[in-house]
Amino acid sequence: MANLTPIAAIGSNLELNAQVQSILATFFEVRIFTDTDRAIDALQQEAFYAIIVDNNVKPTGGLPFLERTKKIPSIESIPKILLIEPHSKKLVEESDFGIDFEYLVNPIKRDQLLGKVSSGVNSGVEKSWEKLPTVQRKVLTETVGIFRDTFKVMNEGGAIPVKEIEQSCSPLVEAVENDQVLGLLGAVQQHDDYTYVHSLRVAIYLSLLGHAVGMKGDELLTLSSGGLMHDLGKGLVPQDILNKPARLEEAEFEIMKTHVDHTKAIFGKANDITIGVEIIALQHHEKLDGSGYPLGLKGSELNILARMGSIVDIYSALTDRRVYKPAMDPDKALGIMSEMSDGLDMGLLNTFKEFLKDATSNPE
Ligand SMILES: [Fe+2]
Ligand SMILES: [Fe+2]
């Protein structure tokens, strides 16, 4: 899988193309097409997650291009953003073209374009989930919805909806108990909200590991909801550090580490966090040899949930796809983790490796 999500930008104005490219290139793989005919060909042959089209594009113009895509099902479903001149705003706002698209008025602003492309990619990815088997579709749609609501509440300083978050994880427990997880990890990977992708992957791997060590029912619900909530504090870390398209500098990493304290404060405002979820979230960066953070807990101070949290969080971070690095190969990630014998519980790591081997013998 390519590292960056491919986006098509269609326009005949080279200056505008360069501007779109420079805004998006760090986060997306931008393919420029200077006319609509070439774009239509490519769009039918390759997968793109969003289309940006300049209304002045040659030969047809942006709106007729969008009309044309209505008749091509594979293109019709891709989210579209039309770039228009200020004088076209009224026409675009007041007409019903029978086409689903968003628009931006020139001169385009960086944050607006990034925001529209990101939410376009997400709505396309979320729409593609509709084709999945019911239980998997429920896992994704319910968790992505509650995750969005939770971040909104958190940013407003309110108490997070703990019971609803737990409920959103029950389809995941069902999927794990009925061996229906295959396909889930692949389906979430293209989503553009990295904290969500990482949190759900941690929730999935934690419940799979729990299942592998014989945990059931409520224990699996603790693991899955603990996974989904384990990095909530990242919502309060400055965006430029959280979304930095490169590895963090030492000082930035220190700020990133405060996400655990933020999570603690967020949990403090809710009065119904269970102890298991709290341990997963507040201790997933602790290490058995005391070298972890925030408390430097050691050995027997770390129970099975903390140990599982730490293994799964490291594995997920290594194998997550980030804008600055592709997903690491699972065997390579496990090899690196095997070297961390002072910090990680090797018995649990071996169990984790065993079930991953079984899972990957049925490739997604
Ligand atoms: Fe974390
Ligand atoms: Fe994490």
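Quick rundown of the values:
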| read-out | value |
| --- | --- |
| For residue 155: the one exception among (1) exposed (fewer than 15 other Cβ atoms within 10 Å of the Cβ); (2) under 18 Å from the mean Cα position of the chain (by Cα); (3) of a type in the set (S, T, N, Q) | (2) |
| Of all residues in region 52-82 being part of a strand (DSSP E or B) and farther than 19 Å from residue 123 by Cα, the one that is modelled with the highest pLDDT | 54 |
| Qualifying residue in region 188-203 (condition: over 26 Å from residue 121 (Cβ atoms), touching a residue at least 12 places away in the same chain (Cβ under 8 Å), open to solvent by less than 30 Å² (accessible area, probe 1.4 Å) and of a type in the set (Val, Ile, Thr)) | no |
| Qualifying residue in region 301-317 (condition: under 24 Å from residue 220 (Cα atoms), open to solvent by less than 60 Å² (accessible area, probe 1.4 Å), without any contact (Cβ under 8 Å) to a residue 24 or more places away in the chain and in a helix (DSSP H, G or I)) | no |
| Out of 329, 342, sole residue that is surrounded by fewer than 16 Cβ atoms within 10 Å (Cβ to Cβ), in the same structural domain as residue 191 (by TED's automatic domain parsing) and within 26 Å of the chain's Cα centre (by Cα) | 329 |
| Count of region 1-45 residues which are part of a loop (DSSP other than H, G, I, E, B) and in contact with a Pro (Cβ under 7 Å, 6 or more places away or on another chain) | 3 |
| Test: residue in region 234-241 that is within 16 Å of ligand 1 (Cβ to nearest atom) and open to solvent by 50 Å² or more (accessible area, probe 1.4 Å) | yes |
| Count - residues of region 2-22 that are modelled with pLDDT under 95 and among the hydrophobic types (A, V, I, L, M, F, W, C) | 2 |
| Subset tally (residues that are open to solvent by 70 Å² or more (accessible area, probe 1.4 Å) and more than 25 Å from the chain's Cα centre (by Cα)) for region 68-85 | 4 |
| Among the residues listed as 275, 280, the single one being open to solvent by less than 10 Å² (accessible area, probe 1.4 Å) and not assigned by TED's automatic domain parsing to the domain that holds residue 26 | 280 |
| Hits in region 244-257 (condition: open to solvent by 50 Å² or more (accessible area, probe 1.4 Å) and within 15 Å of ligand 2 (Cβ to nearest atom)) | 248, 253, 257 |
| Residue in region 194-233 that is farthest from residue 304 (Cα to Cα), counting only those that are away from ligand 2 (no atom under 14 Å from the Cβ) and assigned to a loop (DSSP other than H, G, I, E, B) | 216 |
| Residue 336 vs. criteria free of Cβ contacts under 8 Å to residues at least 24 places away in the same chain, within 30 Å of residue 245 (Cβ to Cβ) and β-branched (Val, Ile, Thr) | yes |
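Let's see how each residue does on (1) of a type in the set (A, V, I, L, M); (2) open to solvent by less than 20 Å² (accessible area, probe 1.4 Å):
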site: 4; (1), (2): yes, no
site: 18; (1), (2): yes, no
site: 21; (1), (2): no, no
site: 39; (1), (2): yes, yes
site: 46; (1), (2): no, no
site: 55; (1), (2): no, no
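The values are calculated or read from the model by the stated rules, or taken from the named source; none is laboratory data. None of these values were measured; they are calculated from a predicted model. Quick reminder, even Gly has a Cβ in these numbers, built from the backbone with ideal geometry, and neighbours come from all protein chains shown. Protein only, heavy atoms only, side chains kept; ligands, DNA and RNA dropped before computing areas. Shrake-Rupley method; radii C 1.70, N 1.55, O 1.52, S 1.80 Å.
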